[in-house]
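Remarks on the structure that follows.
Just so it is clear, none of the values below were taken in a lab; they were calculated from the coordinates. Predicted model, so just to flag it, every value in this text is computed and none were measured. Counting neighbours? That spans all protein chains shown, and the Cβs are built from the backbone with ideal geometry, glycine included.
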Amino acid sequence: MGRHTAAQLAVHLKQVGDRFELTDCRLHGITTDNASSNHLMTWELQSTLENSGIVWPALRNHIPPITHVIQLALGSFMSSLGVKGHSKS
């Protein structure tokens, strides 16, 4: 696939959606991690789908991973208390 640019990710995702017949109004949301390329990819996907006549609003359909945000916040909080996690041996 090459570099993971937002545009390339959007094209790849549209190809997968087309293959499984998901991009013609069945794609209701995308959950990603917090990588900035994934956020930009949803906007690129919106543009790519619009070029195919499909309305897919990225702002409404991109679901950021709240569990990752909660984990980062809890990790920071626990660290501030001096709590250390288990280490793998």
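Report summary: the helix-based calculation at 222 nm, which adds -39500 (n - 2.57) for every DSSP H run with n ≥ 4 and divides by the residues of the chain, gives -17000 deg cm²/dmol. Measuring max minus min along each principal axis, the C-alpha atoms of the chain give extents of 54, 28, 20 Å (largest first).
A simple charge model with +1 on the Cβ of Lys and Arg, -1 on the Cβ of Asp and Glu and nothing else charged puts the dipole of the chain at about 380 debye relative to its Cα centre. Between the listed residues P57, S76, S37, the Cα displaced farthest toward the positive end of the dipole of segment 6-80, a dipole computed from Cβ unit charges relative to the Cα centre, is found at S76.
Going by how many other beta carbons lie within 10 Å of each one, how would you line up K14, K84, fewest first?
Values: K14 21, K84 8.
Least crowded to most crowded, the residues run K84, K14.
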